[in-house]
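The block underneath contains the structure these notes are about, expressed in structure tokens.
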Amino acid sequence: MGEFVDQLGWGFETRAVHAGQSPDPTSGAVVTPITLSTTFVQDGVGNHKGFEYSRSGNPTRAALETCVASLEGARHGFAFASGLAAEDNVLRVLHQGDRILLGNDAYGGTFRLISKVWSPLGFPWSAVDLTDIDALAANWPTDTKLVWLETPTNPLLTCIDIEAVAALAHERGALVVVDNTFATPFLQQPLSLGADVVVHSATKYLGGHSDVVGGFLALNDDTLADRIRFTQNAAGAVPAPFDCYLVLRGVKTLGVRMDRHCSNARAVVDLLLGHPAVDRVLYPQLPDHPGHAAAAKQMSDFGGMVSFTMRGGEAAALAVVNNTELFALAESLGAVESLIEHPGRMTHASAAGSPLQVPDSLVRLSVGIESANDLVADLAQALARLD
Ligand code: P1T
């Protein structure tokens, strides 16, 4: 279940629509059925059609797992009830005393999971600058067993050289987990760059419509996959069949949505770059952006997320997020509708006072797929209303 071997050499968009999905043999239905059954009949003990009980495996989930694994170029895919459930599951491959290195910019919930749930259980962690490979090599804690990296990061959009970090980590005996939520497999395939595990919040671009919470792990190593499969079933944080259907449906349009997210983001960046109220624009395509070279090397485009700091500090940032009309003030990202938020008070509030604290003048945009002109006009009016 959830295993993918690319026998046909299909392109990305073809796999997004078809991998793991073929017309239902009983009815001819073109769309993968939502199989609600929790249990599956056995002809004799242990003699079944591949499914026994829906926590262990479910046909709708298997279709999703096969499809997203194929997009990541992975042999194995595992779907979870949320991005954090997927993250929690991968951390369970560690043993007490194993150190986790976390990039010094990451989703606040990932920081919270590692520092407030796993650390008290005996898993030390350190926040590190993953953009400086020489410093990382020189200061490498010898008990490190896992490096957790996001690229681009949430919310500063710093890009990390996956190949360089993976080479160092493997030389020192540590696994590399890449959170590919912001880039998506359409723009970046971390396993091909040496990562061991890819993690997703499927709630974001994979689902793409702000109507489902989900998570995903993709990987190639068979032994590691056996451990993940075991804990997926044993700890049981699996998604419902309907949620799997929603993510599967979203994934079919991932490529076309990402193209529009990227071009709309560029239009928004052009507005922000010239604006007197804006201090710094953070977007991986900009030549002076931290990790621009890594992004140019490992991504096929630069994504739909844009962050910026305001010259007027936190007050100005809070005013802008209140002033937009089309950009909705809300947490989350990666869906068709544009969102705006204040990371310091919202998504990254749990990182306050930590090495992952974000600037209070920061605004984060998830640029949707609406008409670019309307998005630019909305931001322009929101900025113009500042005094
Ligand atoms: O929300 P959940 O599906 O559990 O995924 C957590 C998660 C993991 N990784 C990244 C990079 C994320 O951005 C998230 C969730 N992020 C938000 C809700 C947000 O607004 O940033």
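Points to keep in mind about this one:
- Total residues in segment 192-204 satisfying the condition of being in contact with a Phe, Trp or Tyr (Cβ under 9 Å, 6 or more places away or on another chain) and near the ligand (Cβ under 10 Å from one of its atoms): the figure is 5.
- Across segment 366-373, not a single residue is classified as within 17 Å of LEU282 (Cβ to Cβ) and either surrounded by fewer than 23 Cβ atoms within 10 Å (Cβ to Cβ) or in contact with a Pro (Cβ under 9 Å, 6 or more places away or on another chain) (or both).
- Selection status of GLY274, modelled with pLDDT under 95 and surrounded by fewer than 16 Cβ atoms within 10 Å (Cβ to Cβ): yes
- Filter result for SER332 (within 15 Å of the ligand (Cβ to nearest atom), touching a residue at least 60 places away in the same chain (Cβ under 8 Å), over 13 Å from LEU157 (Cα atoms) and not in a strand (DSSP E or B)): yes
- Residues of segment 278-303 that are part of a loop (DSSP other than H, G, I, E, B) and touching a residue at least 12 places away in the same chain (Cβ under 8 Å): TYR283, PRO284, GLN285, LEU286, HIS289, PRO290, GLY291, MET299, SER300, ASP301, PHE302, GLY303.
- Selection count, segment 97-118, where residues are hydroxyl-bearing (Ser, Thr, Tyr), farther than 12 Å from THR153 by Cβ and within 14 Å of the ligand (Cβ to nearest atom): 0
- Members of segment 140-189 that are within 11 Å of the ligand (Cβ to nearest atom), part of a loop (DSSP other than H, G, I, E, B) and not hydrophobic (A, V, I, L, M, F, W, C): THR151, PRO152, THR153, ASN154, PRO155, ASN180, THR181
- Test for THR32: is it surrounded by 18 or more Cβ atoms within 10 Å (Cβ to Cβ), part of a loop (DSSP other than H, G, I, E, B), at pLDDT 95 or above and away from the ligand (no atom under 16 Å from the Cβ): yes
- Segment 190-203, residues that are in a loop (DSSP other than H, G, I, E, B) and surrounded by fewer than 24 Cβ atoms within 10 Å (Cβ to Cβ): GLY194, ASP196
- Scanning segment 113-139 for residues that are assigned to a loop (DSSP other than H, G, I, E, B) and either in contact with a helix residue (DSSP H, G or I) (Cβ under 6 Å, 6 or more places away or on another chain) or surrounded by 19 or more Cβ atoms within 10 Å (Cβ to Cβ) (or both) yields a total of 3.
- Among the residues of segment 356-370, not a single one is in a helix (DSSP H, G or I), aliphatic (A, V, I, L, M) and within 15 Å of the ligand (Cβ to nearest atom).
The values are calculated or read from the model by the stated rules, or taken from the named source; none is laboratory data. Keep in mind it's a predicted model, so treat the numbers as computed, not measured. FYI the Cβ positions are ideal-geometry reconstructions off the backbone, even for glycines, and counts take in every protein chain you see.
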